Amino acid sequence: MENRVEIAKQLLKKDSSFFLHLDPKANYLGRMLLDKHFSHDDFRNEIIWYYRRWNIAGKKLAANHDTIFWYVNGQKYHYNQLYIPKSEKSSAQGKAWKSVIVNGVRKSIQTDEETKGVPMPDMWEISMINPVSTERVGFSTQKPETLLKRIFDLTVNTNSLISDFFSGSGTTLSVAHKLKHKWIGSDIGEHYYSVLLPRMKKVLVGDKAGISDEVDFKGGGFFKYYELEQYEEVLAKAQYQWQGKDENQVEQYSFLQDQKLLEAIEIDYEKKNAKVVFEKLYPDVDMAETLSNLSGKHIKQIFEDKVVFEDGSEVIYDEMTFEKYPWIKPLIWWNSK
Ligand SMILES: C[S@@+](CC[C@H](N)C(=O)[O-])C[C@H]1O[C@@H](n2cnc3c(N)ncnc32)[C@H](O)[C@@H]1O
């Protein structure tokens, strides 16, 4: 997890917050990790998420809470003061108190103003998702959308960019989408296809689960998803055949002898031209998307044979030579010499 925390910290905007939830067996390790990467002053709260559930007697106490650590990136972080209702026993129901100084002594007096309630404490009682609720997506550690909404209400500005590196069933992403934020999620598990993706597709068409009604979410928006090739997979595909002809072994091994590289290139010796044919490497490659990612240009229009970018430039797939488009070189391993 440490490398994720490091990257998250680097990506985090100055006015932003970072939350970490781990189960009771590991949360103390997570806290140590965060203390290593965030400054001491950036720790805000250890939030206790308390929930009731059907407790069964055993030789230890029933587990009825989880811990969430809240850190910020610098002291100018975004914060919305939230309130909870005053307790029913409070004598000052409905009226706000304010602090005044009378004859040099500070006193609290009751005003005629309606109270907003009590400032939000660090213990939150939020129910687990009901076993028969439509919010359930069949993922054991799924969190309720109301929990994530509380976190966003507290710390997120409108139209923010939210990221969850361990998306699980996608609760963070679903809530971010419904609250009209931009979001990026990632996960390593197979449930990405069986749970997260189907859930997010339902969100797009306006699912009625979770916080949808509360925030009047009716669907809409879009998202893109990618399957990233693991480094190990890249290595597994690489094939080397050492011919022992050249002095420079590194160059021979890394570039010239790599079958993967050779398979992707069609060389026209007469015209001294090398054309890249990515379909040979990845049969279902999305060329337009790949080229957009590489160039950082937004796509304007996609044709069968070419992609046109918003700046008016275009790439014709059949003419994709290194000569014409030198910037595509990083798409395959390339010796810069
Ligand atoms: C506890 S779950 C997250 C639950 C989520 N908050 C929810 O409400 O559904 C943790 C997730 O982290 C993912 N994960 C574990 N190691 C990972 C890694 N190295 N990279 C990306 N995801 C990882 C797991 O596949 C799992 O989905």
Test of understanding: among Lys180, Lys143, which residue is more than 21 Å from Val205 (Cβ to Cβ) and either touching a residue at least 40 places away in the same chain (Cβ under 8 Å) or of a type in the set (Lys, Arg) (or both)?
Lys143
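Of the residues Val175, Val215, Val195, Val205, only one is without any contact (Cβ under 8 Å) to a residue 60 or more places away in the chain and either farther than 23 Å from Arg4 by Cβ or among the charged types (D, E, K, R) (or both); which?
Val205
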Taking first residues from region 224-241 that are at pLDDT below 70 and second residues anywhere that are basic (Lys, Arg) and surrounded by 11 or more Cβ atoms within 10 Å (Cβ to Cβ), the pairs with Cβ under 6 Å that are 6 or more apart or on different chains are Lys237/Lys260; Ala238/Lys260
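Yes/no matrix, rows are residues, columns are (1) assigned by TED's automatic domain parsing to the domain that holds Glu135; (2) near the ligand (Cβ under 6 Å from one of its atoms); (3) of a type in the set (A, V, I, L, M):
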| position | (1), (2), (3) |
| --- | --- |
| Leu173 | yes, no, yes |
| Ile184 | yes, no, yes |
| Gly189 | yes, yes, no |
| Tyr193 | yes, no, no |
| Leu196 | yes, no, yes |
| Arg199 | yes, no, no |
May I ask you to list the residues in region 128-154 that are at pLDDT below 95 and more than 12 Å from the ligand (Cβ to nearest atom)?
Asn130, Pro131, Val132, Ser133, Thr134
Take Gly189 and decide whether it is surrounded by 20 or more Cβ atoms within 10 Å (Cβ to Cβ) and over 22 Å from Asn293 (Cβ atoms).
no
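Yes/no per residue for (1) touching a Lys or Arg at 6+ places or on another chain (Cβ under 8 Å); (2) surrounded by 12 or more Cβ atoms within 10 Å (Cβ to Cβ); (3) assigned to a strand (DSSP E or B); (4) in contact (Cβ under 8 Å) with a residue 60 or more places away in the chain:
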{"residue": "Val5", "(1), (2), (3), (4)": "no, yes, no, no"}
{"residue": "Ala8", "(1), (2), (3), (4)": "no, yes, no, yes"}
{"residue": "Pro24", "(1), (2), (3), (4)": "no, no, no, no"}
{"residue": "Gly30", "(1), (2), (3), (4)": "no, yes, no, no"}
{"residue": "Leu33", "(1), (2), (3), (4)": "no, yes, no, no"}
{"residue": "Arg44", "(1), (2), (3), (4)": "no, yes, yes, no"}
{"residue": "Trp49", "(1), (2), (3), (4)": "no, yes, yes, yes"}
{"residue": "Ile56", "(1), (2), (3), (4)": "no, no, no, no"}
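Quickly run through region 193-212 and pick out the residues that are over 13 Å from the mean Cα position of the chain (by Cα) and buried (at least 17 other Cβ atoms within 10 Å of the Cβ). Spell out the reasoning first.
Applying the first criterion (over 13 Å from the mean Cα position of the chain (by Cα)) to region 193-212 yields 193-195, 197-212.
Val195, Arg199, Met200, Val203, Asp207, Ala209, Gly210, Ile211, Ser212, listed by residue number.
The values are calculated or read from the model by the stated rules, or taken from the named source; none is laboratory data. Nothing here was measured: the structure is a model prediction, and the numbers come from that model. Note that each Cβ is placed from the backbone with ideal geometry, even for glycine, and that neighbours are counted across all protein chains shown.
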